[in-house]
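Structure, as structure tokens:
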Amino acid sequence: MKVAVLGTGSIGRRHLKGLSRLKEELKLSEIRCFDTNHERLDIVREEIADVTCTGTLEQSINGIDIVFMCVPTSLHIPIYEQIASMGAFHIFFEKPLSHTIEGCEKMLFDQARKGKKVAIGYMLHHHPVLKTTKEIIESGKLGRILSVRAECGYYLPKWHPWEDYRDFYMSWKTGGGGALLDISHEINYLQWIFGDIQDVQGMMGTISDLEISSDDIAVAVMKFKNGIIGQLHLDLLQFEASRHCKIIGTEGVMNADIKKNTITYNTHEDEEWKVQQLDVNFDEIYHMEYRNVISAFRGENGYIVTGDEAYKTMEVIEAIRRSNSYGVRVSLPLYN
């Protein structure tokens with residue numbers, strides 16, 4: 001199979017390096033890339049020997065089987081609309097699906113009509129902490145789950161210390177940046193572990209002194225269809241990175257810390273806290289994602305976060321926006 005990576009920023013280069021490293025294992029006959037930023041293409045040429053940098057979008061996707069969409073979020077659907085007339089491809093979108101829900105359903109319908117799959121880069125599904133968390137919950141050790149609280153925050157200028165944060169697309173509302181979109185991992189993994197969300201009430205905005213137009217905080221209270229009450233906190237403000245999830249059940253309590261790679265829990269019968277320190281290798285998490293994505297695109301049994309699942313995450317994102325704008329609770333799904 002032949003792969004093209006569109007967009008060679010930090011995540012695009014990460015994917016190029018990973019795909020290149022696994023090229024033989026994944027049986028990829030060619031890896032191409034394209035970017036309108038020639039300096040970024042020069043970096044790719046210097047760092048990754050077996051990737052072909054193309055001069056145009058058309059050259060990058062001609063005869064390609066798989067497209068990795070790694071452009072700024074606001075360009076996902078516009079670029080898709082450009083390439084959709086040039087051929088039929090399986091598509092891997094870096095998360096989230098888009099910067100707005102508009103156009104997502106049409107894209108998914110178009111891909112299904114062509115018989116092509118859509119996968120989304122919510123790679124935390126392969127994270128040992130969250131996989132173990134899901135296993136413990138499904139084992140029943142915590143009893144019936146009552147409440148969950150997820151948090152992720154880190155000061156935006158520290159995200160990419162090698163560049164001025166004001167030049168980073170995360171700072172631009174028009175580029176599809178901001179806490180709600182870029183940290184939508186948390187929304188997606190809550191849906192993955194706890195099920196569909198029934199309604200949402202949220203607030204978001206830009207409250208810091210950072211020179212950005214995107215939101216630097218988003219908070220929400222949500223009710224899942226199974227009755228679980230959830231809380232969400234996302235921000236670009238904390239000087240020390242924070243990423244964890246607390247789950248309260250009828251028989252126990254668990255803390256899953258994705259930053260410290262630990263799981264701690266106790267139960268009603270055994271109040272002594274049990275601590276698990278997990279071995280986490282982010283390169284291996286991404287490699288596991290590639291193996292599953294390529295397998296799924298080949299029609300095999302690879303596990304992917306599907307376009308339909310990511311669309312439900314987009315619905316929650318849109319619900320938080322609407323709730324913030326109108327001061328009301330928003331029911332899901334948005335469109336029946």
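All of the numbers you see were taken from the coordinates with simple rules; none came from a lab. In this text, all values refer to a predicted model and were calculated from it rather than measured experimentally. Neighbour counts run over all protein chains shown; Cβ positions are idealised from the backbone, glycine included.
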Legend entry - aspartates and glutamates whose Cα lies under 19 Å from that of LYS225, excluding same-chain neighbours fewer than 8 positions away: GLU138, GLU186, ASP196, ASP199, ASP308, GLU309, GLU315, GLU318
Legend entry - Hull-based mean projected area of segment 1-49, where the convex hull spans the alpha carbons, in square nanometres: 3.0
Legend entry - segment 1-152 - percent relative contact order, Cα under 8 Å, separation 6 or more: 20
Legend entry - Translational diffusion of the chain, µm² s⁻¹ [Kirkwood Rh, Cα pairs; Stokes-Einstein; 10 °C; 1.306 mPa s]: 76
Legend entry - Gyration tensor verdict on segment 73-188 (Cα atoms; rounded if a/c is under 1.5, prolate if a/b is larger than b/c, oblate otherwise): oblate
Inset, instruction - Could you work out how far helix 282-297 tilts from the main Cα principal axis of the chain, as a 0 to 90 degree angle to the nearest 10? - result: 70
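Would you please put 230-236, 294-300 in order of how densely packed they are, using the mean number of other Cβ atoms within 10 angstrom per residue and starting with the highest? Walk me through the numbers on the way to the answer.
Values: 230-236: 22.3, 294-300: 16.1.
The packing order, highest mean first, is 230-236, 294-300.
Given the rule -39500 (n - 2.57) for each run of at least 4 DSSP H residues, summed and divided by the residues of the chain, what is its mean residue ellipticity at 222 nm, to the nearest 500 deg cm²/dmol? Please report the intermediate quantities before stating the final value.
Details: 10 runs with 109 residues, N = 336.
Only helices count here, giving -10000 deg cm²/dmol.
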Inset, instruction - Might you report the magnitude of the Cβ-based charge dipole of the chain about its Cα centre, with Lys and Arg at +1 and Asp and Glu at -1, to the nearest 20 debye? - result: 720
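List the relative contact order of the chain as a percent without decimals, with contacts defined as Cα pairs under 8 Å and 6+ residues apart. Don't skip to the answer; put the middle values down first.
Working: 677 pairs, mean separation 60.6, N = 336.
Answer for the chain is 18 percent.
Expressed as a rounded percentage, what relative contact order does segment 188-238 have, with Cα pairs under 8 Å and six or more residues apart? Before the final figure, lay out the partial values.
Details: 82 pairs, mean separation 16.7, N = 51.
About 33 percent, as a whole number.
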Inset, instruction - Could you please report the charge total around ILE248, scoring K, R as +1 and D, E as -1 over all other residues with beta-carbon less than 12 angstrom from its beta-carbon? - result: +2
Inset, instruction - Just grab the label-to-label distance for THR306 and SER331, each label 7 Å out from Cα along the Cβ direction, in nm (one decimal). - result: 2.5
Legend entry - Peptides ranked, highest mean first, by Cβ atoms within 10 Å: ranges 27-38, 121-132: 121-132, 27-38
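Using +1 on the beta carbon of Lys and Arg, -1 on that of Asp and Glu, and nothing else charged, what's the dipole of segment 2-123 about the Cα centre, debye to 20? Mind showing how you got there, number by number?
Values: 16 positive and 16 negative charges, 74 e Å.
So the magnitude is around 360 debye.
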Legend entry - All Cα pairs of segment 1-87, percent lying beyond 15 Å: 53
